[in-house]
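One structure below.
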Amino acid sequence: MRHHIRRSKRKLFSVNAWKIRLVFWLGALLVGCIAALFAMMATTADHNFAQLATKYPWLPFILTPAALMLINWLTRRFFPGAGGSGIPQTIAALDLQNKSSVLSFRIAVGKLLLTTMGLFSGASIGREGPTVHIGASIMYSLRHFANFPTFYYKHGLIAAGGAAGVSAAFNTPLAGIVFALEEISRSFEQRTNGIILSAVIFSGLTAMALLGNYNYFGISTATFTLDITLVVSIIICGVIGGLLGGLFSQSLITGNRLIKPWLENYPLRVTLILGLLIAYIGHLSNHSSFGTGYDAAYGIISETAVYDPLFPVYKFFATLSSYFSGIPGGIFAPSLATGAGIGLDIAHLIPLAPVSYMVLIGMVAYFSGVIQAPITAMVIVLEMTANQNMIFPLMITSFIGSGVSSLVCPKPLYRVLAETFLKMDKEIEPKISEK
């Protein structure tokens, strides 16, 4: 006992221990600041494109493909490893030998700038996955500034950065912790949990100080009582949303595998075609499929949007096309918007429950079906809408959606995409050994 007390005192007053703490805390503050800056840049880019597209309806057919071609070229030329969502890179980094190939300050800068450019081009992407990648990159890069213990820089810094990114991006601190535990890491030690918690607190408070304490999708008025029609609604939305979410994930996995060789050999031609397709889908949807989908989802949840039964279809294919282009950008926000649209469609086709109720459970069912991380999906939607009354229906629907999704897409989306980076790492390692 005395030995344990003496060791604790040495750790408490150690100069090196305090240097590690200060560097780590400053890193978490930096993640919060960058997440807030990213949010403002992304929102501005999204709104500016929407205004231009409304004023000049022909502009997306020129701007979208041209900008996507430029972003694709910049990604391949200057920021390799920055493409796509960023969450697969973060997950893969836990097992990569060369973690710097997907996590670095350079990649973080590229992710921020190129995702913002993507939103200004009208691509159906989100900033939340990229924020996770940026957070993990920044926190992992801290190893250069202090003598961190091995467990810190192998797993702790990466998971903490990813969790901090979710917390700051959505203003959902609990979701950040759950996401790190459920999605980013598969084996956590008790000491690592404290690292994640402190990173979430510092980054979350920083982003809140800069952006204000807000609810991502406002405050939902949906309520739940133990009624047979509401229970049936949960089952219906869970099954339909889960199936469609699984279909999206499997389509993304299969399509990405098929298009990848073409994208590697003819990157600009493929991106040009996909850019024109995104512009055409945007034209058909009256511009609602462009960008993050935040405004559309907010309108659906607040019941102020003009009803378009085809909105989730447009958003579904616009998001797939945007991801296939290889540009940096996430699928969180577009998936939430698609899920809200699916919930609204179900509410009109099968009016068993209030629209506000069906929209929320439809959103969580589809989102959980896409990422197959039911607790994360439930907590994110719960915190974003500030509706504690919906905790049980959201939880049940989320698990149904995730379970049904696995019938269509057996392996979770981010795990499959992460395996791509692990395979590349294994192919490179023997070549390095030979040299």
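Structure summary
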| read-out | value |
| --- | --- |
| Qualifying position, being over 30 Å from residue 267 (Cβ atoms), over 16 Å from the mean Cα position of the chain (by Cα), crowded, with 24+ Cβ neighbours inside 10 Å and of a type in the set (Val, Ile, Thr), among 359, 355 | 359 |
| In region 136-154, the residues that are modelled with pLDDT under 75 and not in a helix (DSSP H, G or I) | 146, 147, 148, 149 |
| Among the residues listed as 314, 357, 323, the single one being without any contact (Cβ under 8 Å) to a residue 60 or more places away in the chain and hydroxyl-bearing (Ser, Thr, Tyr) | 314 |
| Among (1) crowded, with 17+ Cβ neighbours inside 10 Å; (2) not in a helix (DSSP H, G or I) - the single one residue 243 does not satisfy | (2) |
| Residue in region 218-233 that is buried (at least 18 other Cβ atoms within 10 Å of the Cβ) and at pLDDT 90 or above present | yes |
| Residues that are within 12 Å of residue 250 (Cα to Cα) and within 20 Å of the chain's Cα centre (by Cα), drawn from region 380-414 | 405, 406, 409, 411, 412, 413, 414 |
| Evaluation of residue 370 against (1) over 30 Å from residue 70 (Cα atoms); (2) modelled with pLDDT of 90 or more (one fails), failing number | (1) |
| Residue in region 98-114 that is over 24 Å from residue 256 (Cα atoms) and either among the basic types (Lys, Arg) or crowded, with 23+ Cβ neighbours inside 10 Å (or both) present | yes |
| The listed residue being within 21 Å of residue 398 (Cβ to Cβ), out of contact with any strand residue (DSSP E or B) (no Cβ under 8 Å at 6 or more places or on another chain) and outside the structural domain of residue 73 (by TED's automatic domain parsing), out of 297, 333, 305 | 297 |
| Where residue 175 falls short, out of the listed (1) over 13 Å from the mean Cα position of the chain (by Cα); (2) at pLDDT below 75; (3) buried (at least 24 other Cβ atoms within 10 Å of the Cβ) | (1) |
| Count of region 256-307 residues which are more than 30 Å from residue 349 (Cα to Cα), small (Gly, Ala, Ser) and surrounded by fewer than 22 Cβ atoms within 10 Å (Cβ to Cβ) | 0 |
| Breaking point among (1) under 19 Å from residue 168 (Cα atoms); (2) hydroxyl-bearing (Ser, Thr, Tyr); (3) surrounded by 24 or more Cβ atoms within 10 Å (Cβ to Cβ), for residue 121 | (1) |
| Yes/no for residue 30 being in contact with a strand residue (DSSP E or B) (Cβ under 7 Å, 6 or more places away or on another chain), in the same structural domain as residue 179 (by TED's automatic domain parsing), part of a helix (DSSP H, G or I) and aliphatic (A, V, I, L, M) | no |
| For residue 28: the one exception among (1) surrounded by 18 or more Cβ atoms within 10 Å (Cβ to Cβ); (2) at pLDDT 85 or above | (2) |
| Candidates 206, 254 - the one that is modelled with pLDDT of 70 or more, outside the structural domain of residue 355 (by TED's automatic domain parsing) and β-branched (Val, Ile, Thr) | 206 |
| Matching residues in region 290-322 - criterion: being out of contact with any Gly (no Cβ under 9 Å at 6 or more places or on another chain), assigned to a loop (DSSP other than H, G, I, E, B) and of a type in the set (Phe, Trp, Tyr) | 307 |
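Residues are listed down the side, and each one gets a yes or a no for (1) in contact (Cβ under 8 Å) with a residue 40 or more places away in the chain; (2) part of a helix (DSSP H, G or I); (3) farther than 11 Å from residue 330 by Cα; (4) not assigned by TED's automatic domain parsing to the domain that holds residue 161:
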{"site": "58", "(1), (2), (3), (4)": "no, no, yes, no"}
{"site": "90", "(1), (2), (3), (4)": "yes, yes, yes, no"}
{"site": "106", "(1), (2), (3), (4)": "no, yes, yes, no"}
{"site": "130", "(1), (2), (3), (4)": "yes, yes, no, no"}
{"site": "134", "(1), (2), (3), (4)": "yes, yes, yes, no"}
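Here's the yes/no breakdown for (1) small (Gly, Ala, Ser); (2) modelled with pLDDT of 95 or more; (3) within 21 Å of residue 281 (Cβ to Cβ):
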{"site": "52", "(1), (2), (3)": "no, yes, yes"}
{"site": "68", "(1), (2), (3)": "no, yes, yes"}
{"site": "80", "(1), (2), (3)": "no, no, no"}
{"site": "86", "(1), (2), (3)": "yes, no, no"}
{"site": "90", "(1), (2), (3)": "no, no, no"}
{"site": "95", "(1), (2), (3)": "no, no, no"}
{"site": "104", "(1), (2), (3)": "yes, no, no"}
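This table checks each residue for (1) at pLDDT below 95; (2) part of a helix (DSSP H, G or I); (3) in contact with a Phe, Trp or Tyr (Cβ under 8 Å, 6 or more places away or on another chain); (4) at negative phi.
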residue: 333; (1), (2), (3), (4): yes, yes, yes, yes
residue: 338; (1), (2), (3), (4): no, yes, yes, yes
residue: 341; (1), (2), (3), (4): no, yes, yes, yes
residue: 351; (1), (2), (3), (4): yes, no, no, yes
residue: 358; (1), (2), (3), (4): yes, yes, no, yes
residue: 361; (1), (2), (3), (4): yes, yes, no, yes
residue: 375; (1), (2), (3), (4): yes, yes, no, yes
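The values are calculated or read from the model by the stated rules, or taken from the named source; none is laboratory data. The structure displayed is predicted, hence computed values, not measured ones. Reconstructed Cβ throughout: ideal geometry from the backbone, glycine too, with neighbour counts over all protein chains shown.
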